[in-house]
Amino acid sequence: MARASRSVSLESRSSRNRLKVRSSLYWATIGEKLALGYSKGKKSSSWFIRIATDEMHASQQPKYIVKKLENCKPDDFEDPDGEHILSYFQAQEKVRAFALGERNKNDVGVNTEIYTVENAIDDYMEWHRVNGKSYEQTKASVFAHIIPHFDKQLVSSLKTSQISRWHRSLADEPIRRRGKSIEIDLKDPIAIRKRKATANRILTVLKAALNYAWNQGKCSSKIAWDRVKPFRGCDIPKERYLTIAECERLIDACRPDFKQLVRAALLTGCRYGELIKVRVHDFNQDAAVLIIPIAKGGKPRRVPLTDPGVLLFVELSAGKKASQALFVRDDGESWGKSHQSRRIKVACELANIEPVCSFHNLRNTYGSLLAMKGVSLSVISNVLGHSDTRITERHYAHLQPTYISDAVRANLPSF
């Protein structure tokens, strides 16, 4: 962000009040070839923009684009709101955004005046399809919550207040499950927290699309959505992990082909989607390592294996070619995207595990068991493939043995 330029005569309300009423504008240079103007009349005042072009007059003076900042006025008599009433420094942001838009029209060939939210979503989803992750899930959120609300609206006309109202409304909407709407209990704090967390995730998608458009030079300002903040205190990590006894009961309750997947998840901490894609050549018995070639973040990672883990993968790879999948179903077919959901639910019911866990909870169990044994968070972060150790701290730091917890357990008497 460019540093704000100072102006003794224009930057404060009191200094502008001392200026004389005149037909010509007061100017403050705020950047190369860029100036902010102030018009003071008898009854009203206005902000103006002046951009020096590359064209020259016969007198060898540059030609200027001079325009009034529409739909806004200086904060001479009212407090600034950042949209319709602008302080000197807020007006600078508007002027720089307008100048960027003018430059984009020339450099990129994009007319920011007709660029819609739908255009921004289309551009972002095309990029996301190739470079992003969870494309289908993101696409579902876009068509369920963003497109119906904004649709053909111009990106340049978006307002902070409008996006904030939409964000708040998402938290009040019914839960959508398999095409049906389920009303939330407004007296249940957990249900409300979950809806706010969902609203935050959808807001993140909208911001990502708009920021992508801004980075590509297809809109002139990102102020409107930058000011919208997510709900606080609602993205609390799920504290679900299995005990060792529950893990053993779960493994025993699984069918043979699914049992191998469950054991592998508990011994590696890998996601279901990662395990069903690994091939025989991704297992290195000599190094006792499983290589995940395509992880969630797009980068490969190496997972160290214990002796039981090595034995499992030796068994799985026996008699197979290097290019074959390590995990296949009993019928010889590949595991599909959601084949694990029903199977793990049935296994939990047979193993008397309540509440029923998801396959991803096996990954949480792997990280939790390491944390409770005192393994450093940096090591856990590395083997789980977290992009940031803050993610690991958020989920597992509370499980690690600490001086405080050890001191309490050692000194508090029994009653």
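Among the residues in the range 279-301, are any in a helix (DSSP H, G or I), within 30 Å of Asn131 (Cα to Cα) and not hydrophobic (A, V, I, L, M, F, W, C)? So far as the range 279-301 goes, yes, one or more of its residues are in a helix (DSSP H, G or I), within 30 Å of Asn131 (Cα to Cα) and not hydrophobic (A, V, I, L, M, F, W, C). The condition of being basic (Lys, Arg), within 23 Å of Trp214 (Cα to Cα) and either at pLDDT 85 or above or out of contact with any strand residue (DSSP E or B) (no Cβ under 9 Å at 6 or more places or on another chain) (or both) holds for only one of Arg3, Arg13, that being Arg3. Arg96 meets the stated requirement of being surrounded by 15 or more Cβ atoms within 10 Å (Cβ to Cβ), outside any loop (DSSP other than H, G, I, E, B), touching a residue at least 60 places away in the same chain (Cβ under 8 Å) and under 42 Å from the mean Cα position of the chain (by Cα). Within the range 375-415, the set of residues being among the small types (Gly, Ala, Ser), assigned to a loop (DSSP other than H, G, I, E, B) and under 19 Å from Leu267 (Cβ atoms) comprises just one member, Gly385.
In the range 25-72, counting only strands (runs of 3 or more DSSP E) that sit wholly within it, the ones holding 1 or more residues that are modelled with pLDDT of 90 or more span 26-31, 34-40, 45-56. Select from the range 373-415 the residues that are free of Cβ contacts under 8 Å to residues at least 24 places away in the same chain and among the charged types (D, E, K, R) and list them in ascending order. Result: Lys373, Asp388, Arg390, Glu393, Asp406, Arg409. Within the range 186-242, if we keep just the residues that are assigned to a loop (DSSP other than H, G, I, E, B) and of a type in the set (Asp, Glu), the residue that is modelled with the highest pLDDT turns out to be Asp188. Among the residues of the range 305-322, those identified as more than 20 Å from Val383 (Cα to Cα) and not in a helix (DSSP H, G or I) are Ala318, Gly319, Lys320, Lys321, Ala322. Scanning the range 201-260 for residues that are among the polar types (S, T, N, Q), farther than 19 Å from His167 by Cβ and surrounded by fewer than 19 Cβ atoms within 10 Å (Cβ to Cβ) yields Asn215, Gln216, Thr243. Checking Leu36, Leu69, Leu19, Leu10 one by one, the residue that is farther than 27 Å from Lys159 by Cα and of a type outside the set (Ser, Thr, Tyr) is Leu19 and no other. For the range 318-330, the count of residues that are buried (at least 16 other Cβ atoms within 10 Å of the Cβ), assigned by TED's automatic domain parsing to the domain that holds Lys299, closer than 22 Å to Gln137 by Cβ and at pLDDT 90 or above is zero.
Condition check: under 30 Å from Ser405 (Cβ atoms) and charged (D, E, K, R). Does Lys296 satisfy that? Considered against the rule, which asks whether it is under 30 Å from Ser405 (Cβ atoms) and charged (D, E, K, R), Lys296 comes out as no.
Check whether at least one residue in the range 42-52 is farther than 26 Å from Ser156 by Cα and surrounded by 13 or more Cβ atoms within 10 Å (Cβ to Cβ), and report yes or no. No: zero hits. The set of residues from the range 111-169 being hydroxyl-bearing (Ser, Thr, Tyr) and more than 23 Å from Ser221 (Cβ to Cβ) comprises Ser134, Tyr135, Thr138, Ser141, Ser169.
So for the range 146-155 (the condition being surrounded by 12 or more Cβ atoms within 10 Å (Cβ to Cβ), under 18 Å from the mean Cα position of the chain (by Cα) and touching a residue at least 40 places away in the same chain (Cβ under 8 Å)), does at least one residue qualify? Checked the range 146-155: at least one residue is surrounded by 12 or more Cβ atoms within 10 Å (Cβ to Cβ), under 18 Å from the mean Cα position of the chain (by Cα) and touching a residue at least 40 places away in the same chain (Cβ under 8 Å). Taken across the range 360-368, residues that are assigned by TED's automatic domain parsing to the domain that holds Leu267, outside any loop (DSSP other than H, G, I, E, B), closer than 20 Å to Ala287 by Cα and of a type outside the set (D, E, K, R) do not occur at all. Only one of the numbered conditions (1) under 24 Å from Lys296 (Cβ atoms); (2) of a type outside the set (D, E, K, R); (3) more than 23 Å from the chain's Cα centre (by Cα); (4) surrounded by 19 or more Cβ atoms within 10 Å (Cβ to Cβ) is violated by Ser376, and that is (4). Pairing each residue of the range 302-326 that is of a type in the set (Val, Ile, Thr) with any residue that is surrounded by fewer than 14 Cβ atoms within 10 Å (Cβ to Cβ), provided the two are 6+ apart or on different chains, yields C-beta distances under 7 Å for Val310/Gln285; Val314/Gln285. Going by what's in this entry, would Lys337 be described as among the basic types (Lys, Arg) and not in a helix (DSSP H, G or I)? So Lys337 fits the description; yes.
The values are calculated or read from the model by the stated rules, or taken from the named source; none is laboratory data. Computed from a predicted structure; not experimentally measured. Neighbour counts are summed over all protein chains in view; Cβ atoms, including those assigned to glycine, are modelled from backbone coordinates with ideal geometry.
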